[in-house]
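Okay, so here's the structure we're looking at.
No lab work stands behind these numbers, since they all come straight from the coordinates. Predicted model, so just to flag it, every value in this text is computed and none were measured. For neighbour counting, all protein chains shown are included, and Cβ atoms are generated from backbone atoms with ideal geometry for every residue, glycine included.
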Amino acid sequence: MYVLFCQLLPKRIRMALKPTIYKLKIALSDLNQDHYDNLDLTIALHPSETTERMMARVLAYCLNAQPQLVFCKGLSDTSEPDLWAHSLDGNLETWIEVGEPSEDRIKKASHRATTVKIYSFNSKSPTWWDLECSKLKSLTASIYRFYWNDMVTLASFIERTMDLSITISDNSVYVATRLGECEMTLETLQEQSLS
């Protein structure tokens, strides 16, 4: 009986895991959009999510900051993206995915939202892009890539409650924290066509 209990325990513990909450105060300076803001973000790190992915979501938020932009359920609900923004009349304007979504997922998103943006960041990102780029070129989505080593560096600075300074200029994102600083490059893989 005890052995059976121990075999079941890991599954039950996994099911009971709750997200870890992070509170970020961000001084944002987006020189590309001439947008300057102080953001207070509360982020839930899903139990199956890495800190690198969570920070990719934070960077995607900062790169697209606007009053209507919100974090979605993401990994908890596959029908929602990582972030989205609705117009005041309820229309879905912006759909933002973090990672390497499938062609079908991007296609569905482009039918639902006016603007679709993908922020790839994993170590497998170059392979994903090499395999999928010919199919994705026909879709109306903007696709960007952060370099994995930069994401690992940024994730090493993360604290549960922290102040960050994020400056965006051209294809560079400079992040300063109490524990360190890093400059990240945002590579444009594909721009959304407006046809």
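Okay, here's what the table says:
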quantity	calculated
Selection count where residues are more than 16 Å from Thr188 (Cα to Cα) and aliphatic (A, V, I, L, M), scope segment 121-153	3
Residue in segment 104-115 that is surrounded by fewer than 22 Cβ atoms within 10 Å (Cβ to Cβ), touching a residue at least 60 places away in the same chain (Cβ under 8 Å) and either in contact with a strand residue (DSSP E or B) (Cβ under 9 Å, 6 or more places away or on another chain) or not small (Gly, Ala, Ser) (or both) present	yes
Boolean, Phe121 is in contact with a helix residue (DSSP H, G or I) (Cβ under 7 Å, 6 or more places away or on another chain), within 21 Å of Ser29 (Cβ to Cβ) and of a type in the set (Phe, Trp, Tyr)	no
Qualifying positions in segment 22-52 - assigned to a strand (DSSP E or B) and farther than 17 Å from Leu83 by Cβ	Lys23, Lys25, Ala27, Ser29, Tyr36, Asn38
All positions within segment 38-57 that are touching a helix residue (DSSP H, G or I) at 6+ places or on another chain (Cβ under 9 Å) and either under 19 Å from Met184 (Cα atoms) or of a type in the set (D, E, K, R) (or both)	Glu49, Thr50, Thr51, Glu52, Arg53, Met54, Met55, Ala56, Arg57
Matching option when the condition is of a type in the set (Asp, Glu), loosely packed, with under 15 Cβ neighbours inside 10 Å and farther than 22 Å from Gln33 by Cα, among Glu181, Glu132, Glu191	Glu181
Pairs where the first residue, in segment 124-136, is among the small types (Gly, Ala, Ser) and the second is surrounded by 12 or more Cβ atoms within 10 Å (Cβ to Cβ), C-beta under 6 Å, 6+ apart	Ser125/Arg145
Matching residues, segment 84-98, being surrounded by fewer than 19 Cβ atoms within 10 Å (Cβ to Cβ) and in contact with a Lys or Arg (Cβ under 9 Å, 6 or more places away or on another chain)	Leu92
Residues of segment 164-178 satisfying the condition of being exposed (fewer than 14 other Cβ atoms within 10 Å of the Cβ) and either more than 19 Å from Asp34 (Cα to Cα) or among the β-branched types (Val, Ile, Thr) (or both)	Arg178
